[in-house]
1. Convert each backbone phi in the stretch 12-28 into a coupling constant with the Karplus relation 6.51 cos²θ - 1.76 cosθ + 1.60 (shift: θ = phi - 60°), then list the ³J(HN,Hα) values in order as whole Hz, x for Gly and Pro.
2. Between (i) 36, 15, 10; (ii) 39, 29, 19; (iii) 54, 15, 10, which entry matches Cα extents along the principal axes in Å as derived from the coordinates of this structure?
3. Given R₀ = 25 Å, what would the calculated FRET efficiency be for Ile5 paired with Leu32, taking r from the Cβ atoms and rounding to 0.05?
4. With each run of n ≥ 4 DSSP H residues scored as -39500 (n - 2.57), what mean residue ellipticity at 222 nm is computed for the chain after dividing by its residue count and rounding to the nearest 500 deg cm²/dmol?
5. If you keep only loop residues by DSSP, which chymotrypsin sites (Phe, Trp or Tyr not before Pro) in the stretch 9-38 have at most 14 other Cβ atoms within 10 Å of their Cβ?
6. Restrict the search to the chain; then list the trypsin sites (Lys or Arg not before Pro) that DSSP places in a loop and that have at most 11 other Cβ atoms within 10 Å of their Cβ.
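Every read-out reported here was derived from the displayed coordinates using simple, explicitly stated rules and does not represent laboratory data. Predicted, not measured: the structure shown is a model, and the values here were computed from it. FYI the Cβ positions are ideal-geometry reconstructions off the backbone, even for glycines, and counts take in every protein chain you see.
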Amino acid sequence: LSPRIAHAVLPIAAKGSNDWAYSWVPVVGPLLGGVAAALAYRFLW
């Protein structure tokens, strides 16, 4: 998320889109993975 915010704020010549529609995936993915791992640990051991 931080590189995407920096890309939006910094004045870079000829930069492309920030693609904010995809920005939630790197934030939510690890959170869901952590929850899934904790549940797997809880049920397997």
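1. Taking θ as phi minus 60°, the curve returns 9, 5, 6, 8, x, 6, 7, 6, 5, 5, 9, 5, 6, 4, x, 8, 7 Hz for the stretch 12-28.
2. Of the listed options (i) 36, 15, 10; (ii) 39, 29, 19; (iii) 54, 15, 10, (iii) comes from this structure.
3. It comes out at approximately 0.70.
4. -20000 deg cm²/dmol
5. Those that pass, being in a loop and sparsely packed, are Trp24.
6. Filter output for the chain: Lys15.
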